[in-house]
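The values are calculated or read from the model by the stated rules, or taken from the named source; none is laboratory data. Bear in mind the structure is a predicted one, so any value in this text is a computation, not a measurement. Methodologically, a virtual Cβ is constructed for each residue, glycine included, from the backbone with ideal geometry; neighbour enumeration extends over all protein chains shown.
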Amino acid sequence: MKMLVWVLFAVVMAVWTGFVALSAGMVDWLLSAVAAGQISDAALAMSQWPVPAWVSLWIDVSLLENLQATWLQAVQWLSDVLPSAGALTGWVVPLLWVVWGVVGICMLAAAGVGHWLLGRTIAR
């Protein structure tokens, strides 16, 4: 049972890492397009974003299109709110990885608590 907790943690962490890696690549690419003044062509450019080979093996294309649309709306909103989105490039992607780390630590703590609870339950 304890092994199941850690296998589940590893699978969920792998999915979370893949999502953040994919999102970081898209955000970096979109923000560089915004900094170059291509926000008016962002919808066309987003559809031309090169999908990494490892992504096409694991993710459905419709899910990728939804993720692209979500990040495109977020970048368009940021370009309306902030005058220079080019300045965001330096901190948005690292912020995504900080959030990844915080969520990863929370998942690790939950797996540790689950391991501990299973140890107490099985020992009785």
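Tabulated values for the structure
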read-out: Residue under evaluation THR89, criteria (1) among the β-branched types (Val, Ile, Thr); (2) at pLDDT 75 or above; (3) surrounded by 14 or more Cβ atoms within 10 Å (Cβ to Cβ), criterion not met; value: (2)
read-out: Out of ALA69, ALA33, ALA53, sole residue that is farther than 30 Å from LEU4 by Cβ, under 15 Å from the mean Cα position of the chain (by Cα) and at pLDDT 65 or above; value: ALA69
read-out: Residue satisfying condition, being in contact with a Leu (Cβ under 6 Å, 6 or more places away or on another chain), in a helix (DSSP H, G or I) and modelled with pLDDT of 80 or more, within set ALA109, ALA24; value: ALA24
